[in-house]
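In what follows, a single structure is set out as structure tokens and then discussed.
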Amino acid sequence: MVKIFQIMLLLLCTAFSQDIKEVQETQDLQDIKEVQETQDLQDVKQEPKQAEIQQSKSPLEEAIAKALQSYVFVDASGSGVVISSDGYVITNDHVAGDAATWRIRTTDGTMHYADLIGTDPYGDISLLKIRNVKDLPHIKIGNSDLLKAGQKVIAIGNPFGMGNLDEKPTVTVGIISALRRFHFNYTDAIMTDAPLNPGNSGGPLITMAGELVGINGQIDSRFQIRVSSGIGYAITSNQIKRFLPFLKSAKGGFVYHGHLKGVRLPRISGEEKKPYVRYLDKTSGLYVAGIRKGDLITHVNNYPVATVSRLTGLVRSYPAYSSLTFDILRQDKKKTYKTMLNIYNIRGRAQLEISFYPSRGFRKYQAKTLLVKSVVPESAAAKAGILPGDIIVSFAGKKITPNIIQRFPNYFNLLFSLYSSPRNKGALVEISVIRKGIEKVLVVTIKEGVKTFGIELQKTPSITEMKKDEKELTILNVQKGMLAYRGGLRRDDVLLEINKYKLRNKRSYHLLLNRLKPGEKIDIKILRNGKTQNLQVTLGLKRNYGGGF
Amino acid sequence: MKRQLIYLLCILISGISAQNFTPQDIAVKVSPAVVGINCVLVDKSGEKNRPKLLYYYGTGVIISKEGLLLTNLTVVPKVPYSITLYFTDGRIVSASCVGIHPELETTILKANGNNFPHIPLADSTKTTIGDRVYTFGNPFHSIENDSEVAISKGTVSGVYRVTKNVESESKYTNTVIETNAALNPGSDGGPLVNHRGELLGILSLAMQEERRMGTAIPVHLMLEKLLDLNSFVLQPYENSMENDEKTIASKGTEYSENVISLEIVRKDVKVKQARQNNQRMSAQRKASIMKRPKSWVTGTIIEEGQYVLTSAYQVTSQEGEGAIQKITIHTPKQKIDAELIAIHKPYDIALLKPQQPIKCAKYFSIGSTTNLNVGQWIGVCGKLQASFDITCDIGIVSTIKRNLNLIQVYQTQAFINYANSGGPVINTLGQLVGIAGHIYPQATWGLNSGVSMFTGIETLLQILPDLKKGKSTQNPSLPFLGVSFWENKNVPQGAIISTVSMDSAAYKAGLLPGDILISLDNTSVGEWADLVRLITSKKIGQKIEFEIIRNNEKKKLTATLGERPW
């Protein structure tokens, strides 16, 4: 409960953060005075060196000035970089993977809208495209194989959201600490000591020559808090280059990483580090190509692989179904084989980006729905015009979901009393409801001191009392632009079958969905305007917002 | 003797072909001598005398051909059951323990084998701030798992004696070389090398309370112990090549009299029982890290010793702390009482007046922030009470004119912490360009995160007359429209209003929740952040005109901005 308050306050604070009168005045003055001051200073105190500094920029300063042009802010929380003049933008999947359209701000302050073209949940890369632009300053994608440990690099980002108000990114410099690191799902990562912090995600890692060599995305931290201690990980540009054609043709969907199937290698954290083939399935690609148990893999695509982690990491940095050469050592004899990689399935739960009308099908005994059962006469709710039978969608700009109500049955009164507190002195608050299938926005007047909102939500009957609900699988909302939307699902469609399995209720829908994988194509039979219709929809990925930074 | 001769020859040869090593050269030179260490201990002190295996990991560095290896006590704390060394070329070698020196927190190991790549020892006694250094390590098992040494470049930011070690694993309290290069769990025991790739010190987890930065135990302290085992020679000190970092640090040393230690005496207040709260572990950890240490802060002398500037947070008391009783300025020569004249809270600046002017040989000249560029090197100087040694954190300017709570400051990559907050920010000419600050527990950017703020000198000169008059500025009231927003991606352009505060400017203007605000004073509003930006550029009492969409119709409304009620 306390948490909600805090979140609310934070939201308010950010929304209302304003300027200072006095400081503003001083700043106005400053602009005028600054010029005078500097002139005075230069006349009296300044050594001639000062002027030189002003004129000649160091190579680092010049590289930074050039690199800044292609940087973009992705929404308020992430970073990105423009890679082509027609507006392709690369960022992290954990920054931009879960919605179809994004607001993108360039460093000169223009705001653009961008659509999700393709995303790579395992490789943590998303490709966005800015709508209707030409001649955008963009960055050249460099060759990350040429990097050397110790090389100077520049990272640009929006750490801690510092640039949200003044549209100014943050530049940090460092060197490449290590290459070819295997760090969770960054299987071929660049490690850098340029300070990276939350908000640097998706930002570019740039060489002194101004070429993009990596996309920053993860950190390790000394104190186990999300603050830099000099270890940042970036995805290599070469990995991105390999996936770029697939991302461009993904139509808002996923790309897949390569994987060796049916091969058993020593464990990454085990004693044996060398990539000996411990066991080979006869159906695996390596066996078919000619590799046998006991062989030592020395090179993959001419990259040396000394350890198991490097082998696994390198293979996973290639797209699925790419053909790679494997150099092996068998009884001191060198041999080379070529084989195609299998697909590395996306980990995580599948989802359709849809929501259903609230129904009686809640799992919890006697849970509350979003359906208004009764309204207390003369209460704030009654004055706002809420009627029994309305379904509440959002309140004060916050989406209301059945989950919230189940966890905090008193949620509305809580929000209400926050606005009516002596600190806020009441407010006009938006509430949107669905009435007879149409979304309506109503205005609630909250007066100071009034504690209750005045609605009672309908309780679900116990499970034994539950009857079959015809409208249970009627879609309330489809997230615009996402895979379900692209597949053709719309509001008020009723789901009948998935992959020829009949759906009875939400329970059977979720059970079925749990068995399917993200990215899988499914056949859906729906009822629309009284007619059945067949659609093919790609499943999305349910992201948990724990990873990344 | 023979060995020493060879070393001498080496020195001569290297002296003749004195060259500037790039970081890449150093990486190639030093990496082979760095090993990842896995140490297994048998602990018999456990329950029911059942022996328990304890696992330690860290880094080590080979210093002789025979395989003598230096590491930290936190990696090999006792005579171990087994030690495994991981080399960057993939070799795995076992090792034995030769000597354990708890007073130096150092363990000497011997790798089994011969002809090991190794690095020479540097004369660490002469190390000064601003010297370029590199750390090499095995953080989070990078050598063991990936055969990759993690390298980080930085400068020596201080040489001092650790008086209060806040790291639980380390108990070291002696001289350290402090650096701003990365040092993480697993790097301990690794080498700190100079610009020629010679060993300056062994990385330690020890951490001075006010600084909370990476430190290394200098190698000259260990020489005595090492000479018992083999003959070693410290390579002569050579000034690292001239660069901006070194120039700034030497300027900092030159003007070190201008940076002073302030002792703050607060009234003792009974500490209230900590409230039971359900904060997450990481939040608790962050809160404990961001808690300010007691009493000692850094100040900067201005105007020929007439006044002292420092961070306002450092010389005021927060909730739960006792009122300030006394502020004393400590210089190496004298102690002077000082009086707090005024503070400017938004800029985090406090002005103090010493009872008598502080005499220095020379004073900082005033620089300018107008010609600062992103990427330019600057330094933040500070004093540690413990030793009166100057510290100098060097980094680039990250952002020019950062809007921070709607005041303008400068952002830098140089590390700012409780020890140097209030200290001067200087450029390569040794001119004062600002005062470091904006470090407090509420700051989202934390200590030493590479995101730090300082107040520019032009701003300081602006606010100084008021400060001198004793006019303090608290966090002032802000203009207020009285709306909050609803993040909705389906709206192509504009900010959707979700709530309107009672009796606010927006309420009086007739704005309703659900309206989409699309422009303000003829400037279009793309998203809510734009609106916040626009309102912040206005003043309290100013009339604004804005356009909204209500029920698919455009409407124009006017409002008079009010004052923010909190």
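Only the coordinates and a few stated rules stand behind these numbers; no lab work does. Here the structure is a predicted model, which is why all the values come from computation and not from measurement. Reconstructed Cβ throughout: ideal geometry from the backbone, glycine too, with neighbour counts over all protein chains shown.
About its Cα centre, what dipole magnitude does the stretch B:113-212 give when the only charges are +1 on Lys and Arg Cβ and -1 on Asp and Glu Cβ, stated in debye to the nearest 20?
Value, rounded to 20: 360 debye.
Sorted by average packing, counted as other Cβ atoms within 10 angstrom per residue and highest first, what order do B:192-204, B:344-356 take?
B:192-204, B:344-356
Averaged across B:446-456, how many Cβ atoms of other chains sit within 10 Å of each residue's Cβ atom?
Per residue, the average neighbour count from other chains is 6.
Which whole-Hz ³J(HN,Hα) couplings does the stretch B:212-224 yield from phi under the Karplus relation 6.51 cos²θ - 1.76 cosθ + 1.60, θ = phi - 60°, glycine and proline marked x?
Once θ is set to phi - 60°, the couplings for the stretch B:212-224 become 6, 10, x, 10, 9, 8, x, 6, 5, 5, 8, 4, 4 Hz.
Going through the stretch A:490-549, which trypsin sites (Lys or Arg not before Pro) have at most 15 other Cβ atoms within 10 Å and a DSSP loop state?
A:490, A:491, A:500, A:504
So how far apart, in nm, are the two label points at residue B:469 and residue B:542 if each is 7 Å from Cα heading toward Cβ?
Placing both labels 7 Å along Cα→Cβ, they lie 2.4 nm apart.
On a 29 Å Cα-Cα criterion, which of the cross-link pairs B:291/B:383; B:267/B:345; A:282/A:517; A:451/A:542; A:140/B:538 come out too long?
Too far apart for the 29 Å limit: A:451/A:542; A:140/B:538.
Could you tell me the calculated FRET efficiency between residue A:296 and residue A:146, based on Cβ-Cβ distance and R0 = 22 angstrom, to the nearest 0.05?
Step by step, r from the Cβ atoms, then E = 0.20.
Would you mind putting A:390-403, A:120-133 in packing order, based on average other-beta-carbon counts within 10 Å, highest first?
A:120-133, A:390-403
Is there a pair in A:436/A:459; A:129/B:556; A:241/A:521 whose C-alpha atoms are over 22 Å apart, and which pairs would that be?
A:129/B:556; A:241/A:521
Could you give P(r) for chain B, binned at 20 Å from zero, as whole percent values over all Cα-Cα pairs?
Using 20 Å bins, I get a P(r) of 19, 42, 30, 9, 1 for chain B.
Would you list, by chain and number, the lysines whose Cα falls below 21 Å from the Cα of residue B:554, excluding same-chain residues fewer than 8 positions away?
A:440, B:489, B:508, B:543
Rg/Rh for the stretch B:355-432 to two decimals, with Rh computed the Kirkwood way over all alpha-carbon pairs.
My calculation puts Rg/Rh at 1.00.
From the helices alone, meaning DSSP H stretches of at least four residues, give me the mean residue ellipticity at 222 nm for chain A, per-run term -39500 (n - 2.57), in deg cm²/dmol to the nearest 500.
-6000 deg cm²/dmol
From the convex hull of the Cα coordinates of the stretch A:231-380, what is the mean projected area in square nanometres?
Average of the hull's projected areas for the stretch A:231-380 equals 17.2 nm².
Two decimals is fine: what's Rg over Rh for the stretch B:427-566, C-alpha atoms, Kirkwood radius as Rh?
1.10
Given just the C-alpha atoms of the stretch B:167-305, how large is their convex hull per residue in cubic angstrom?
Taking only Cα atoms, the stretch B:167-305 has a hull volume of 202 Å³ per residue.
Which whole number gives the average, over all residues in A:175-185, of C-beta atoms from other chains lying within 10 Å of the residue C-beta?
6
Write out the chymotrypsin sites (Phe, Trp or Tyr not before Pro) in the stretch A:318-354 meeting two conditions: DSSP loop, and at most 16 other Cβ atoms within 10 Å of their Cβ.
A:321
To the nearest whole percent, what portion of all C-alpha pairs in the stretch B:122-223 is separated by more than 16 angstrom?
Cα-Cα pairs of the stretch B:122-223 separated by over 16 Å account for 50 percent.
Could you run the Debye sum over the Cα atoms of chain A, one equal point scatterer each and no solvent, and tell me log10 of I(q)/I(0) at q = 0.12 Å⁻¹, two decimals?
Those come out to -1.26, one per q.
What distance in nm separates the simple spin-label points at residue B:521 and residue A:267, each placed 7 Å from Cα in the Cβ direction?
Spacing of the two 7 Å Cα→Cβ label points: 6.5 nm.
How large is the Kirkwood hydrodynamic radius of the stretch B:37-153, in angstrom, based on all distinct alpha carbon pairs?
Computed over Cα pairs of the stretch B:37-153, the Kirkwood hydrodynamic radius comes out at 15.5 Å.
Could you state the number of Å between the C-alpha centres of the stretch B:277-350 and the stretch B:471-511?
35 Å
With θ taken as phi - 60° and the coefficients 6.51, -1.76 and 1.60, list the Karplus ³J(HN,Hα) couplings across the stretch A:513-526 in order, rounded to whole Hz; mark glycine and proline as x.
Each residue of the stretch A:513-526 in turn: 5, 5, 7, 8, 9, x, x, 6, 8, 10, 9, 10, 9, 10 Hz.
If you project the alpha carbons of the protein assembly as shown onto their three principal axes, what span does each projection cover, largest first, in Å?
Taking max minus min along each principal axis of the Cα atoms, the protein assembly as shown gives 99, 86, 69 Å.
Can you give the local net charge around residue B:198? Use residues other than it whose beta-carbon is closer than 11 angstrom to its beta-carbon, Lys and Arg +1, Asp and Glu -1.
Result for the neighbourhood of residue B:198: 0.
Quick one: angle between helix B:281-290 and the longest Cα principal axis of chain B, in degrees between 0 and 90, rounded to 10, please.
It works out to around 90 degrees.
Give the long-range amide H neighbours of residue A:230: residues separated by 5 or more places, or on another chain, with amide H under 5 Å away, using H modelled in the peptide plane at 1.01 Å from N.
Those qualifying (amide H under 5 Å, at least 5 residues apart or on another chain) are A:196.
What is the average number of partner chain Cβ atoms found within 10 Å of a Cβ in B:22-31?
The mean count of partner-chain Cβ atoms within 10 Å per residue comes to 4.
List the aspartates and glutamates whose alpha-carbon lies under 16 Å from that of residue B:555, not counting same-chain residues fewer than 8 positions away?
Counting by Cα, and skipping residues close in sequence, residue B:555 has these aspartates and glutamates nearby: B:515, B:521, B:545, B:547.
Of A:83, A:522, B:223, which is farthest towards the positive pole of the protein assembly as shown's charge dipole, taken about the Cα centre with +1 and -1 on the beta-carbons of Lys, Arg and Asp, Glu respectively?
Toward the positive end, the furthest listed residue is A:522.
Compute the distance in nm between two label points, each set 7 Å from the Cα along the Cα-to-Cβ direction, one at residue B:294 and one at residue B:556.
Here the modelled spin labels are 6.5 nm apart.
Looking at chain B only, what percent of DSSP beta bridges run antiparallel? Nearest 5 please.
Restricted to chain B, the bridges split so that about 95 percent are antiparallel.
Work out the charge dipole of the protein assembly as shown with +1 on the Cβ of Lys and Arg and -1 on the Cβ of Asp and Glu about the Cα centre, then indicate which of B:562, A:244, A:351 is farthest towards its positive end.
Checking the options against the dipole of the protein assembly as shown, the answer is A:351.
Given only helices, namely DSSP H runs of n ≥ 4 each adding -39500 (n - 2.57), what is the per-residue ellipticity at 222 nm of chain B, to the nearest 500 deg cm²/dmol?
-4000 deg cm²/dmol
Pull up all non-local amide H partners of residue A:349: gap of 5 or more, or a different chain, and H-to-H distance under 5 Å with H placed in the peptide plane.
Result for residue A:349 returns A:542.
If r is the Cβ-Cβ distance from residue B:267 to residue A:421 and R0 is 51 Å, what FRET efficiency results, to the nearest 0.05?
Result of the calculation: an efficiency of 0.95.
Any idea how many Lys pairs in the stretch B:114-253 come in under 27 angstrom at the alpha carbon, given 8 or more places apart or on separate chains?
Here the count comes out as 12.
Per-residue HN-Hα couplings for the stretch B:81-92, Karplus 6.51 cos²θ - 1.76 cosθ + 1.60 at θ = phi - 60°, whole Hz, x for Gly and Pro?
For the stretch B:81-92, the Karplus-derived couplings read 6, 7, 10, 10, 10, 10, 8, 5, 8, x, 5, 10 Hz, x marking Gly and Pro.
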